Number of protein chains: 2
Amino acid sequence: MLQISERGIQMPASPIRKLAPLSDRAKANGVKVYHLNIGQPDLPSPQVALDAIRSIDRKTLEYSPSDGFRFFRENLVNYYSKFDIHLAPDEIIVTAGGSEAVLYAFMACLNPGDEIIVPEPAYANYMAFAVSAGAVIKTIPTSIETGFKLPEIEKFEALINPKTKGILICNPNNPTGYVYTADEMEQIRLLVKRHNLYLFSDEVYREFIYSDAPYISACHLKEIEEHVVLIDSVSKRYSECGIRIGCLITKNRKLHDTVMKFCQARLSPPLVGQIAANASLQENGSYMQRNFDEYRCRRDFLIDRLNKIPGVYSPQPEGAFYTLASLPVDDADAFCAWCLSDFRYKNQTIFMAPASGFYVTPGLGKNEVRIAYVLNREDLNNALIVLEKALEAYNER
Amino acid sequence: MLQISERGIQMPASPIRKLAPLSDRAKANGVKVYHLNIGQPDLPSPQVALDAIRSIDRKTLEYSPSDGFRFFRENLVNYYSKFDIHLAPDEIIVTAGGSEAVLYAFMACLNPGDEIIVPEPAYANYMAFAVSAGAVIKTIPTSIETGFKLPEIEKFEALINPKTKGILICNPNNPTGYVYTADEMEQIRLLVKRHNLYLFSDEVYREFIYSDAPYISACHLKEIEEHVVLIDSVSKRYSECGIRIGCLITKNRKLHDTVMKFCQARLSPPLVGQIAANASLQENGSYMQRNFDEYRCRRDFLIDRLNKIPGVYSPQPEGAFYTLASLPVDDADAFCAWCLSDFRYKNQTIFMAPASGFYVTPGLGKNEVRIAYVLNREDLNNALIVLEKALEAYNER
C-alpha cells in the first residue's frame, strides 16, 4: 500500500466545509439552504475593484514579483498608516490570502515539535497550518460564559516551556467576534517580551469593530516590533475572498528574508487579484461605512433574536461577522447535520458550523455553533425562524 | 534572539531570481537587460482569456470550491482526453499554480526524512518544496554530454531504500528541454511498480514537444494508476503565469481526500484565474499552433547560434522552452553575475540563470547556464550577440 504522510492523516477536515455534502444533497432536492456556516460575505465587492478587473490592459498575464507588486505594497503602506501602523513597502509580503501568510509564518518560524499558544475557540485552519509545519498548538480555553475574554496571564505562563515559540491571536476574533482590550494586549505584549516569543496576529477583521473600544493592533505594541508577524487579507474587508490576496507583515529582516524564500519557491501571488485589491484601496470610505453599518445592523438583529429563542444564548460580539452561540442540544455536530439531512421548514433549512471544530480540547463547545451573519436581513430572519422551528422539532423527536 | 526554523534556514534561494538585484541595478542605470533567466513567456495570453476577465459579471468576488469550480474541472477532463488521459472531474484538484500542487503532493505523501529520487538537473523549486515537507531529494545525475537522457535503471535501483517513497520527473524537462522516451517511461513504470513508489510527474510543458517522439504521460502507464500524481499548470501553455492556476491529478482516492484537507485549509484557488484558464480551454488550436511554431523557430535559431559561439555547447532540446548550455568559463555563477554587474555591449547585457542551482550534487553544472527562449527573435539575436561579446571580454580580462 502506498502510504499517506503522518501529517496528511493528522490534518483536520474543515469544520466549516465538512457538512457540505449534506447541504449539496438538500439543495439537489430543491431545498433552500441558508448558509450561516461560512465567512463568505454576500455584500458586493467594491465597484472600483470590479472595474479594475474589467479594464485590465495586459496582453500577457505574467508573473508578479514574489513579494507582490511594489505599487500595491506602497498603497498598503498608506492604508495601514490610517490605523497608526507604520510600515515600509519592504516589510509587506503579498500572499495568496491570509491562509498562505499563516502557513509561511509557521514554516519559517517553527520547527517540528515547537509549540504555539492559541486562545480557543480558534479559526480551525490554524490547526491545519500548524500540522503542515509539524508544530503543536496548545490552547487556552475561553468561555461563552465570560464572553470569550482572555483568561488571566497565569494560564499562559503555565503553558510556556522551552518548546514554546509563539502566541497566535485573531483580533477581532473568528469565531467569537471578541475584540481584545488594551489591557489584554498589554498582557500579551509583556508575555511575548518576557519569554522572547513570536506574536502571530491575524487582524483581517479590523474594519469591523462595532463597539467604541479602540482597535489595538499587535503592530501598536512597543518594544516587540521584531516579534510581531501580522497576518492580513483583503478577503473579508472588501468581500473579495476569491481573489486570494493577503499579506504577511514583519519588521524582522531575518524572518522577512526567510519567508521570501518560500514565496520565491511558489513564484508569485495572483496577478489579477493584486490589481483588484489595489483598486479597492482607493475606496473613499463610503463603501466601508455602508458594509460596516450593514453588518452592525445584522449583528444587533441576530443577537437579539438568538437570545429570544428558548435555550439559546449568544454573547454580544463586538467585531467580525460571526457569533458563537450555545443551543439547547447535547451535540451541536449531530444537530447541524440533522438540520441538513432531515429537517425542512417550508422547504427551507439552515447550514451552521458546529463549534467543536474550533476547539482543540475535546468536549469543549459541544453545544455551540458558529453563525456567520453574511445573509441579508430577510434571509437572516428566515434562517432564524428555521432555527427556532428546528430546535423545537429536534427536542421533540 | 528569535529563531528561524531549520527548514527556513535550509530553504534554497531561487537560482532564477537570486541575481535579480544586480539586474535591477543595471536597469536603474539605463542598461537594456535581456531576460533569458526566467520562464516567463513573452507571448500573449489567449484573447478568449483576456476577454473572459474583462467581461466578468460577478458582483461579489467570492470563494470557489476548494478543489476548484466543477465546470472548469469538467472542461479539463475534455482537455486531457485529447492527450489520451482519461479522468473524472473528481480526480482533478485545482491549485494555485503547479507550485501548490507539488507542495501539497509532497505534504500529503512524504514524512520528514522520506526520500524521493529526481534526475538532476531539475527545476530548483522541487528542492524548496521538499524542504518544506521535510523530505530529502536524492538525485540521479544526467549529463549534457548524453543530451540529458535518463541513466540506466540500475542507478535508480542503487538509491532505493526503505525511506524511498517516490520518483519525480519533469517531462518535457525544465531546465534541459529533454523529453522522456517510451523506453525510459517504461523503465520508470517498472521501477515504480516493483518498489511501490509514488510517481510525481510534472508535465506542464506537454504542448511544447518539437520532435516526432510521442508524448508519454505518466497517466498513460498501465498498472500504476494509483501511484501517479500528475502536476500541471496553465502558466506556460497559455502564457498565464500570473493567474496562478494549476492542478493536481490523482486516481488514488485516499491521496485525493488527503490533498483536499490541505486545499480546504487554504479555502480556495484563485477565482478570476479559474475564469481565465477555463476560457483558455476553448482555444480552437490556432493559438497553440502559433505559439508552438514560434517556440520551435526560436529554439532552432538559438541552438544553432549557441553552437557557433566558440566554446559554447548546447544539445538540441526537444521540448519546453529552455536549454542548458555549457560555456567556456570556470564558474557560470560568477560569469552570470559579472554580465549583470560589469559587462555592457552597446549599453545592453544579459541575465541568464546559472545551472548550479538546478543541480543538487555540488560541483555539477558549474560551467552551465539555463537559457529560456522567451524573447522575440530580434531580442534573442541581440542577446546572443551580447553573450558572444561577453564571453570574449570575460576570458580576456
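Values quoted throughout were computed directly from the atomic coordinates according to the rules given, and no laboratory measurement underlies them. Nothing here was measured: the structure is a model prediction, and the numbers come from that model. As a convention, Cβ positions derive from the backbone with ideal geometry for all residues, glycine included, and neighbour counts pool all protein chains shown.
Considering only DSSP beta bridges whose two residues both sit in chain B, what percent are antiparallel, to the nearest 5?
Working: 19 of 41 bridges.
Of the beta bridges lying entirely in chain B, close to 45 percent run antiparallel.
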Exposure proxy check: A:K27, B:K138 ranked by fewest other beta carbons within 10 Å? A:K27, B:K138
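What is the Rg over Rh value, at two decimals, for segment B:14-70, using alpha-carbon atoms and the Kirkwood definition of Rh?
Details: Rg = 18.5 Å, Rh = 15.6 Å.
So for segment B:14-70, dividing Rg by the Kirkwood Rh gives 1.18.
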Could you please state, rounded to a whole Å, how far the C-alpha centre of segment B:1-80 is from the C-alpha centre of segment B:325-365? 24
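Give me D for chain B in µm² s⁻¹, whole number, from Stokes-Einstein with Rh from the Kirkwood sum over alpha-carbon pairs, 25 °C and 0.890 mPa s. If you can, show how the numbers build up before the last one.
Details: Rh = 21.9 Å.
For these conditions, the coefficient is 112 µm²/s.
Return the loop-located GluC sites (Glu not before Pro) in segment A:170-269 (DSSP other than H, G, I, E, B) with at most 13 other Cβ atoms within 10 Å of their own Cβ; answer none if there are none.
A:E223, A:E225
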Based on DSSP, what percent of beta bridges with both residues in the protein assembly as shown are antiparallel, to the nearest 5? 45
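Any of A:K193/A:K222; B:K138/B:K163; B:K82/B:K222 with alpha carbons more than 20 Å apart? Name them for me. Mind dumping the intermediate values first?
Numbers: A:K193/A:K222 10 Å; B:K138/B:K163 11 Å; B:K82/B:K222 18 Å.
The pairs that break the limit, which is 20 Å between Cα atoms, do not exist here.
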What whole-number distance in Å separates the alpha-carbon centres of segment A:142-202 and segment B:106-158? 43
Helix A:377-395: inclination vs chain A longest Cα principal axis, degrees, rounded to 10, gives 60
Kirkwood Rh and Cα Rg combined as Rg/Rh, the protein assembly as shown: 0.98
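What's the local net charge at A:K366, with K and R +1, D and E -1, over the other residues with C-beta under 12 Å away?
Result for the neighbourhood of A:K366: -4.
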When A:T250, A:T176 are ordered from fewest to most other Cβ atoms inside 10 Å of their Cβ, what list results? A:T250, A:T176
Above-threshold pairs, the threshold being 18 Å between Cα atoms, out of B:K18/B:K308; A:K165/A:K254; A:K254/B:K366: B:K18/B:K308; A:K254/B:K366
Quarter of Cα convex hull surface for segment B:1-153, i.e. mean projection, nm²: 16.2
Measuring label to label, 7 Å along Cα→Cβ, what does B:A28 give against each other copy in nm, shortest first? 5.9
Given the options A:T349, A:T146, A:T95, which has the most mean-square fluctuation in a GNM of chain A, springs set between C-alpha atoms less than 10 angstrom apart? A:T146
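Which of the trypsin sites (Lys or Arg not before Pro) found in segment A:40-97 are in a DSSP loop and have at most 11 neighbouring Cβ atoms, other than their own, within 10 Å? Intermediate results must be reported in sequence, preceding the final value.
Details: sites: A:R54, A:R58, A:K59, A:R70, A:R73, A:K82; in loops: A:R58, A:K59, A:K82.
Those that pass, being in a loop and sparsely packed, are A:K82.
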Quick one: with label points 7 Å out along Cα→Cβ, list the inter-copy distances for B:G285 in nm, shortest first? 5.9
Students often forget the sequence filter, so: which aspartates and glutamates lie under 19 Å Cα-Cα from A:K389 once same-chain residues fewer than 8 apart are removed? A:D304, A:D330, A:D331, A:D333, A:D342, A:E368, A:E378, A:D379
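How large is the charge dipole for segment B:58-280, taken about the Cα centre, if only the Cβ atoms of Lys, Arg (+1) and Asp, Glu (-1) carry charge, to the nearest 20 debye? Spell out each step's value before the answer.
On the way: 23 positive and 27 negative charges, 142 e Å.
The calculated dipole for segment B:58-280 is roughly 680 debye.
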What are the aspartates and glutamates whose alpha-carbon lies under 18 Å from the alpha-carbon of A:K261, with same-chain residues fewer than 8 places away excluded? A:D67, A:D90, A:E91, A:E100, B:E6, B:E100
Of A:S235, A:Y373, A:T142, farthest towards positive along the dipole that unit charges on Lys, Arg, Asp, Glu beta carbons give chain A: A:S235
With +1 assigned to the C-beta of every Lys and Arg and -1 to the C-beta of every Asp and Glu, and no other charges, what is the dipole magnitude of chain B about the Cα centre in debye, to the nearest 20? 860
Around A:P12, what is the net charge, scoring Lys/Arg as +1 and Asp/Glu as -1 over all other residues with Cβ under 12 Å from its Cβ? +4
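Would you order B:V272, B:V360, A:V204 from fewest to most other beta-carbon atoms within 10 Å of each residue's own beta-carbon? Working shown, then result.
On the way: B:V272 28, B:V360 20, A:V204 25.
Taking fewest neighbouring Cβ atoms as first place, the list is B:V360, A:V204, B:V272.
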Rounded tilt (10° steps) of A:286-308 against the dominant C-alpha axis of chain A: 40
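Quick one: work out the % antiparallel among DSSP beta bridges in segment B:58-280, nearest 5.
Details: 9 of 27 bridges.
The antiparallel fraction comes to roughly 35 percent.
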Run through the other copies and list how far each one's label point is from that of A:K254, in nm with one decimal, shortest first; the point sits 7 Å from Cα along Cα-Cβ. 4.1
Given only helices, namely DSSP H runs of n ≥ 4 each adding -39500 (n - 2.57), what is the per-residue ellipticity at 222 nm of chain A, to the nearest 500 deg cm²/dmol? -12000 deg cm²/dmol
How about B:K155: which aspartates and glutamates have a C-alpha closer than 14 Å to its C-alpha, ignoring those fewer than 8 places off in the same chain? B:E120, B:E184
